1. Given H placed 1.01 Å from N in the peptide plane, which residues other than close sequence neighbours of I163 have an amide H under 5 Å from its amide H?
2. At 7 Å along the Cα-to-beta-carbon direction for both I4 and A679, put a label point, then send me their distance in nm to one decimal.
3. Strictly over 25 Å apart at the Cα level, which of K118/K279; K39/K239; K307/K746 would you flag in this model?
4. Express the carbon and sulfur contribution to the solvent-accessible surface of region 735-884 as a percent, rounded to the nearest whole number, probe 1.4 angstrom.
5. With a 1.4 Å probe and every protein chain left in place, work out the accessible area per residue of region 780-884 in Å², rounded to a whole number.
6. For V583, list long-range residues whose amide hydrogen, built 1.01 Å from N in the peptide plane, is under 5 Å from its own amide hydrogen.
7. So which of K36/K122; K561/K715; K734/K755 end up more than 23 Å apart by C-alpha?
8. If packing is taken as the average number of other Cβ atoms within 10 Å across a peptide's residues, how do 832-840, 598-606 rank, most packed first?
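The values are calculated or read from the model by the stated rules, or taken from the named source; none is laboratory data. Here the structure is a predicted model, which means the values were calculated and not measured. Here Cβ is always computed from backbone atoms with ideal geometry, including for glycine, and neighbour counts include all displayed protein chains. Heads up: the accessible areas ignore ligands, DNA and RNA and are worked out on the full protein's heavy atoms, side chains in. Shrake-Rupley method; radii C 1.70, N 1.55, O 1.52, S 1.80 Å.
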Amino acid sequence: MSEIVNRIKYAMSLRTPQEEALSYLDAISTHCNYQKDSKEVIEAAASENCEKQRPVKSEFDFPSFCYAMATGIGKTRLMGACIYYLYKTKGYKHFFILAPGNTIYDKLRKESNPNHPKYIFKGLESEMGRPKVYDGENYDTYPIKYDQMSLHIEKTSEIQLFIFNIGKIFNSKTDTQFNFHKFKETLGASFADVLAQFDDLVVCMDEAHHYYAPASMKAINYLKPVLGLEFTATPKSTKNIIYAYDLARGAVEGYLKIPVVMGRSNMAGYSAEDIEEMKIRDGLTLHEHRKAVIRQYCSDNNLDYVKPIVLIACKDTDHAKKIRALIDSDSFLSGKYKNKVIEIHSKQTGEESEENIRLLLSIESAVNPIEIVLHVYKLKEGWDVNNLFTIIPLNAAKSDILAMQTIGRGLRLPFGEQTGNEDLDTLDIVAHDHYRELVDEIKNSEIFRYRDLDKANVEPTESVDVTSTADDSQLTLFDMAFTTSGIKTFVEVSNPKTQMEIYQEYLRMFTESQKKKKTDDPNQMTMFDYQPDVDPDNPSAANSGSSVPAQTATPSKTGEKQPLSQEEFVKAVTEYSVKAISVPKILVQTNSEVKFNRFQVKRTIPDFEVAMAKIERFDAINQQLLTLVDAQILEVNDAMNTLACMLLDSISELSYDDADFVIDIVEQYLSQIDGDEEAKRRIVRRYATIIVSDLKKQIYEHMDKKTQDVHIVQKDLIVFRKFVKNVKEDGKVKYDKPFTDKSNIKKYLFTGYKKSYYPANAFDSDTERQFSIILEEDSDVIRWIKPPLNQLGLFWKAGQQYNPDFLIETAGGKFMVEVKAINEVTNDEVISKTREGIKWCEFATAADPDHKKWEYKLISDDNIHPGNTCKYTLGTAHAVKEDS
């Protein structure tokens with residue numbers, strides 16, 4: 001990989017396919033001159049240096065190279081990388097970007113703004129100035145003079161982008177907006193003539209398969225570009241492809257969702273209408289399952305909720321209206337999707353069309369109520385969303401279902417990368433009527449997977465939010481009030497004076513939030529508008545499992561939210577503090593203490609040679625050597641200072657406080673090199689890297705390094721928030737009742753707890769559930785918590801949090817407990833997590849305001865039996881040695 005490609009890769013964080021694509025442009029560009037070489041010479045260089053050495057032949061009048069890239073890989077970002085590459089290596093400054101329609105045209109215009117999150121040159125802001133952008137709105141302001149029958153164009157040192165919609169530049173009869181080929185008085189020519197004057201114009205064609213119609217090709221050829229770059233997932237011609245990256249590779253390498261064909265067998269006897277309704281119902285069953293999985297995943301990983309959506313492709317506008325009426329009716333799934341459907345088709349006009357387009361463009365937002373999009377024709381390119389998970393084609397033949405255009409809209413990954421969870425990493429295509437044909441066709445394909453719904457039914461589940469005594473919106477306020485009041489333990493909450501201080505902080509923050517709400521975007525919701533514990537599909541599921549009604553701010557007669565009264569507030573925080581264990585948020589870090597010992601330096605390099613260089617002059621015509629001239633030998637200004645600075649830069653443990661040590665080391669080494677100061681300066685210039693490597697090795701051999709764990713109390717009290725659990729039908733069970741479905745325990749929620757922070761809990765094993773019974777029945781246990789994922793803040797290795805099974809408070813102490821099967825207690829990962837837990841407990845003991853000792857306990861399942869006491873059970877814990 002060339003240096004410039006490597007620099008662009010790291011600056012723009014290019015994915016592997018984007019980097020590979022740019023590398024082929026680099027390989028071709030280094031073997032030709034686009035401004036001087038003929039089209040045939042350039043295409044020969046492309047054929048020699050492109051991927052797989054394909055023969056390259058453009059159908060345009062100029063050399064044009066195609067990138068055949070699967071949807072979702074990042075073609076626009078690659079376009080930005082190619083533009084910068086040509087600017088940096090060739091000095092080209094004029095780039096004409098073509099869009100096939102208004103959607104992509106508007107998208108590209110927005111993404112040419114450095115403030116846009118998908119800025120086309122993201123990562124290169126410091127490397128290049130802000131490009132000048134001209135488009136259909138402002139091109140007639142382009143700085144140009146027409147003098148003495150010739151055009152005089154402003155010279156520029158910056159990249160200039162010209163963004164246009166191909167559909168409007170070549171048809172002069174209907175060209176009412178851009179007038180692209182018409183004479184403009186402000187320019188003294190048509191803008192097409194202006195562009196044709198540039199000797200470095202590069203045409204970048206987004207969705208390039210649209211530009212092969214005769215009129216389009218004629219309009220593009222008129223501009224006389226030196227080079228064309230085509231970007232498309234479905235190339236019109238395969239003759240000029242220099243790099244291809246298909247769906248199969250994108251899915252296998254983790255850049256795209258994996259398409260999954262869904263279907264039922266035994267469809268004989270059903271009418272077309274029956275099959276159609278079955279496809280819709282089955283697709284929505286899968287949709288509901290995925291909603292629950294995503295909701296739990298986002299909650300567990302502290303991510304914003306990604307709302308999944310369904311795309312239904314209809315036959316025509318009448319068919320779309322019929323499907324809309326079915327789904328929108330009260331009788332269809334009890335009205336579950338009423339007002340959650342939009343139709344998108346060409347016959348819509350006026351306010352209906354504008355409103356539907358607005359909803360379509362904001363469909364990724366969780367606030368947008370739409371979950372189902374009905375479309376008559378294939379959604380055009382440019383509708384780029386990450387949250388399409390289910391496609392139900394009601395209008396497609398078998399071949400259309402497998403077409404890239406059909407599935408391309410749903411291939412983007414919602415979290416930027418594959419998660420390892422199949423429900424999050426796949427795109428479902430419901431194809432009952434063609435299912436068996438498709439299965440036969442794709443069995444050997446790496447692209448698709450398939451499922452038989454007869455053999456693998458999706459079990460109905462419901463997504464349940466489980467909170468403590470208050471919902472998350474109130475816990476946010478409680479948390480802020482506790483922090484600003486300086487509360488270090490929930491024991492303090494019982495003090496009336498402290499309650500008053502906390503309440504005053506609560507009122508102050510409530511007032512500030514209300515003021516902020518009024519000054520912010522009126523359409524923006526705040527924590528007071530949004531109740532995260534209310535499922536819009538099932539309002540009665542709010543705060544499920546909670547035995548205490550959540551306290552919330554109440555609306556006044558004017559509709560504005562009102563804070564809790566002092567009496568309501570004291571009751572709410574008192575009830576909360578009774579359930580809560582005072583747990584600090586602690587960050588454990590490993591610090592290293594380094595001691596550099598002085599030693600006798602050895603020179604291990606046997607010889608340094610600085611040969612006198614010669615400059616040769618050669619007569620190319622008469623083929624003879626004319627003269628030899630001595631070349632100047634390079635040297636550093638100061639040998640000792642050069643080596644000392646390089647050592648400081650290369651050994652991270654060294655600092656300028658170690659200057660005397662470094663100087664001593666360097667002086668010892670230089671004293672062992674023969675020659676005067678001038679000779680040493682020359683030797684250091686040539687051999688500095690080798691000398692520093694020699695010194696580094698010796699320094700590390702004589703260095704003492706000690707490591708120790710330190711801790712930072714990031715927060716005095718953790719206020720644990722809600723967790724989300726996907727529960728099967730009839731999956732809520734009283735915790736102490738006989739339970740037999742142990743292999744499916746993860747699908748259940750156990751209720752009825754009195755001492756637990758959460759009134760309902762979920763478990764990974766029945767042993768955990770049995771341990772919860774011990775905790776509830778033992779009078780020595782005051783309270784306990786099963787901490788939700790990623791809320792404790794305990795890391796067991798870089799970037800990965802450890803979530804212990806239980807936090808317990810008894811009359812005499814506090815405990816962090818992990819429950820494992822007997823055959824897992826010696827597992828390397830379990831041991832690593834245990835050691836981090838032990839460290840955490842040591843630091844938590846020192847920081848605990850209740851003056852209770854924290855202890856870590858690793859308990860195996862063979863020692864957990866309801867009826868035993870908590871103390872006895874903890875006494876059976878397995879000992880784990882700390883790291884030596």
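1. I97, Y134, D135
2. 4.4
3. Details: K118/K279 36 Å; K39/K239 14 Å; K307/K746 23 Å.
With Cα atoms farther than 25 Å apart: K118/K279.
4. Of the solvent-accessible surface of region 735-884, carbon and sulfur hold 46 percent.
5. Per-residue value: 46 Å².
6. HN-HN under 5 Å from V583: I718.
7. Over 23 Å Cα-Cα: K36/K122; K561/K715.
8. Descending mean neighbour count gives 832-840, 598-606.
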